Amino acid sequence: MRFLLTGEQRAFARSLDALLTAADTPAVVRSWSTGDHTAGRALWSRLGEAGVFALAVPEAYEGLGPLPVELAVAFVELGRHAVPGPVVETVLAAALLAGVPEQAERLLPGTAAGRVMVTVGAPYALDGDVADTVLALTGGEVWLSPGCRPEVRPSLDPARRLATPLPGGRLLSPAVPPGALSWARLATAAQALGVGLALLDRTVAYVGQRVQFGVPIGSFQAVRHRLADAKTALEFARPLLFGAALSMNPGDVAAAKVAACEAAYATARTALQLHGAIGYTVEYDLSLWLTKARALLTAWGTPAQCRAAVVEAVRPGP
């Protein structure tokens, strides 16, 4: 059986690609990494206008969803362009707030429109220094935090700025809603797939231009094999991702996250090797995707944790 995106879904992906290409996201990422959020917040608003965040928000709160397949389509493009900000955390926040009507009515319409930036801390809150609202997962409970400490912790990915939520606030739920984590993992997997695809495209272009012994290095069999392996891993991850989006079964989503994140990380290693010394320089744009691939590998579930979730999902009951 073949699963193909509809014409509307493909057109949505193309429109996001055009929007993000015009936005010059590498420049946005570099500004964001230094704490200058002006360009990033402007891009966030444009993504809200394009309906990206509304895909995670129920229609009852002025959203369009939840629409997991369309969300996966969007997040692949966000990954392709290395969009900064708590995009995954916004998806998770929508899942957490949907069960708290009072707060959902107050926060989710603005979140869907891109006017409100929400992040989630567990224990660190991605971009908590710039987010308008911070949710904290503490001891299995969901809290509306009063904010974050002013200190920002460095991350392997400079665009992923980590802050610590302040203690206290308002208890929203005594337990994380079932399935909420799957939304974060689905968005992370889609973002990782996009990162891997961008790394592959950039590496294929580079090996076609770099010359050794009078010929492009892309003509060398060893180089072709490395790129073919990366392409195969990414293409195997793609149907797992969209299959998981269709089912939203926690085991399927966990399997998709393992496949997409590990494929992206393997592609990053290949990209770094084939670029040689220039690949190690932070000034070269490739680094924006290399560091993100590694960060996403363990975001919202390490490979070991996700594999355990897959086993748990298929284990027969008592």
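Each reported figure results from applying straightforward, stated rules to the coordinates on display, with no laboratory input. On a predicted model such as this, the values are computed, not experimentally measured, just so you know. A quick note on method: Cβ atoms are made from the backbone with ideal geometry, for glycine too, and the neighbour counts reach across all protein chains shown.
Are there any helices in the chain, counted as whole DSSP H runs, that stretch 27 Å or more along their axis by Cα and score at least -1.0 on average by Kyte-Doolittle, and if so which?
The answer, listed by residue number, is 180-207, 221-247, 250-275.
Once you order the gyration tensor axes a ≥ b ≥ c over the Cα atoms, which shape class does the stretch 180-314 get: rounded for a/c under 1.5, otherwise prolate or oblate by comparing a/b with b/c?
prolate
Report the Cα centroid-to-centroid distance between the stretch 158-222 and the stretch 75-113 in angstrom, as an integer.
Computed from Cα coordinates, the inter-centre distance equals 18 Å.
Counting only GluC sites (Glu not before Pro) that are in a DSSP loop and have at most 15 other C-beta atoms within 10 Å, tell me the longest site-free stretch of the chain.
The longest such stretch corresponds to 63-282.
Given Cα pairs under 8 Å that are at least 6 residues apart, what percent is the relative contact order of the chain?
Relative contact order comes out at 16 percent.
Normalised by the number of residues in the stretch 211-318, what is the relative contact order in percent for Cα pairs under 8 Å and 6+ residues apart?
28
Would you mind checking the stretch 210-225 for residues with the amide N under 17 Å from a putative spin-label position 7 Å along Cα→C-beta of Ala277?
Once the point is set 7 Å along Cα→Cβ of Ala277, 210-213 turn out to lie under 17 Å by backbone N, inside the stretch 210-225.
Loop-only chymotrypsin sites (Phe, Trp or Tyr not before Pro) in the stretch 176-220, please: DSSP not H, G, I, E or B, and at most 11 other Cβ atoms within 10 Å.
Counting only loop positions with at most 11 other Cβ atoms within 10 Å, the chymotrypsin sites (Phe, Trp or Tyr not before Pro) in the stretch 176-220 are Phe213.
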